[in-house]
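Just below is one structure, and these are the notes that go with it.
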Amino acid sequence: MYKDIDKIEDYIWNNLYCDKTNLFYDFRTSKEKDSHIVNLPLPEYISSQVPNPCGYGTGMEDSSLNGGIMLDSTVAAYEVTGDDKYREQAVKIYSGLRLCAEAHGYPGYIARSVSPIDKESVYLDSSRDQYTNWVFGAYRYYRSGFATAEHKASIAKAIVGIAQKHEREVTPENNYCLLRPDGKHGRVLGMWGNIEPHEFLRMPMIYLAAFYVSDDIHWKEMYLKYRQEALERSFEIDCSKLWHAYCSLQMQYSVRLLYELDEDEHYRAEYKRLMCKVADYYVQRIVSECEDLVSGKSGVDLCASYGVWNKLQARFTGFIGGYAYYNPTHPKEAADAFYALRDIGNSAQVIALAGNAEQRILDAVISVADAIDTENHFTGGPIDLYGAYWYLTKDLKERGILK
């Protein structure tokens, strides 16, 4: 059965992965070899924060996010199959995530991606999403049983550094935001205060993860300081109002980590209830969304292609922290293809993380994977399908539904 996902795995490793950095980039721009990296911004553009300090639209805005999903999924694949190739892949993937934490020399900062040209140039403005996926993927690898001692030490150092950065910067004076490495505010780094329900458990997640890898009681105390309010605010979530399912997946990552590490049975039960609340929304819709995509009813062209960032028109979205944000505008059809796959994959992961996987959902995800013409596909959406496949398979197997 596990052969069902081989085509998607091959696409990801052959068309999105770069062995110079061990990172997964966002999309490919043609069917030529290395088209996912040959048109990335040069280091001089990156140092000038061109076209924007997030790297939006360039092809290197989501490597930490992608790597977190891939590392978590690869650990799950090993747990399901026992195949040593997944252990080897996990070592590579973490090496890329480590680069995003260390290449720039700013402790506690997780870069969105790193240039394959010099293996050190990064955009300054990261995001709550990058931190979330990085920490969850690294946490899963840390406790996998096969992370090397040296990798475990680097994970502990990185997560404690992230926690220190949060304690230092997420203050009323900074409007409860993480800061860029230049000390300025960014676009999407709010970690407390005026944030959405699905975002409140991200900082507590980081504090408890820091306690887990360091055994420093200070980080448990920081977690407990925010736990109750964060949980209460999280239950206000209304998934129907979220822009895309990745918001729910990142919340689910934070809740799942807390469910696994918090020793208080009351809170563990509440975290489980919260995960199930979020999962229930997606259970009601995911199969029909898969059917619409596979049948063509959705109207999404899964072979739509991207442009090269510096040959596209760019949309000006404002000045933040002294830099202009110009976002390259790729064809809408490519974005539609990406989000169609991403939403299905993320929805399925949300369900599986809650322990609510069903065979019909796995079958539906496989049908979507089968429908992708990988020779003529360009997006990073298959990463999310890959995560969905292995998490659904893992959950179904652990519950005795899948033999």
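The values are calculated or read from the model by the stated rules, or taken from the named source; none is laboratory data. Since this is a predicted model, take the numbers as computed values, not measurements. All Cβ positions, glycine included, derive from the backbone under ideal geometry; neighbour counts span all protein chains shown. Only protein heavy atoms, including side chains, enter the accessible area calculation; ligands, DNA and RNA are left aside. Shrake-Rupley method; radii C 1.70, N 1.55, O 1.52, S 1.80 Å.
Structure values in brief
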item	result
Spatial separation of Cα centroids for the range 271-331 and the range 20-93, in angstrom	17 Å
Loop-located GluC sites (Glu not before Pro) in the range 1-93 whose Cβ has at most 15 other Cβ within 10 Å (DSSP)	32
Fully extended contour minus Cα-Cα distance, from residue 173 to residue 236, at 0.36 nm per residue	20.1 nm
Within-14-Å neighbourhood charge of residue 292 [Cβ basis; K, R +1; D, E -1]	-3
Contact order normalised by residue count of the range 228-349, Cα under 8 Å, 6+ apart, percent	29 percent
Most positive-pole-ward Cα, 251, 155, 402, against dipole of the chain from beta carbon charges	155
Radius 14 Å from Cβ of residue 354, net charge of other residues (Lys, Arg +1; Asp, Glu -1)	+1
Probe 1.4 Å, protein heavy atoms only - accessible area per residue of the range 319-377 in square angstrom	35 Å²
Stretchable slack from residue 244 to residue 360, in nm (0.36 nm times residue separation minus alpha-carbon distance)	39.5 nm
Segment residue 3-residue 335, length gained on full extension (0.36 nm per residue, minus Cα span)	116.7 nm
Sparse-neighbourhood loop sites, GluC sites (Glu not before Pro) in the range 231-336 - DSSP loop, at most 16 other Cβ within 10 angstrom	236, 263
Average Cα contact separation per residue, the range 48-181, under 8 Å, 6 or more apart, as relative contact order %	29 percent
Nearest-0.05 FRET efficiency for residue 303 and residue 225, computed from C-beta distance (R0 56 Å)	0.65
Hz values of 3J(HN,Hα) by residue in the range 116-123 - Karplus curve (6.51, -1.76, 1.60), Gly and Pro given as x	x, 6, 10, 6, 8, 6, 9, 7
Prolate/oblate/rounded call for the range 283-342, Cα gyration tensor, a/c under 1.5 rounded	oblate
Positive minus negative residues near residue 189 (Lys, Arg vs Asp, Glu; Cβ under 12 Å)	+3
Cα centre as origin, Lys/Arg/Asp/Glu Cβ charges: the range 317-402 dipole, Debye	280 debye
Amide H within-cut-off set for residue 186, under 5 Å, with H built and near neighbours excluded	180
Residues with amide H under 5 Å from that of residue 315, placed H, sequence gap 5 or more	327, 329
Three-way shape call for the range 168-245 based on the alpha-carbon gyration tensor, with the a/c threshold at 1.5	oblate
Förster-model FRET efficiency, 41 Å R0, residue 295 and residue 317, C-beta, rounded to 0.05	0.70
Among the listed pairs 20/92; 3/85; 311/332; 3/152, those beyond 20 Å (Cα-Cα)	3/152
Nearest-0.05 FRET efficiency for residue 143 and residue 217, computed from C-beta distance (R0 25 Å)	0.80
Three-way shape label, the range 295-391, alpha-carbon gyration tensor, a/c 1.5	oblate
Signed unit charges on C-beta, dipole axis of the chain, positive-most listed residue 86, 121, 274	121
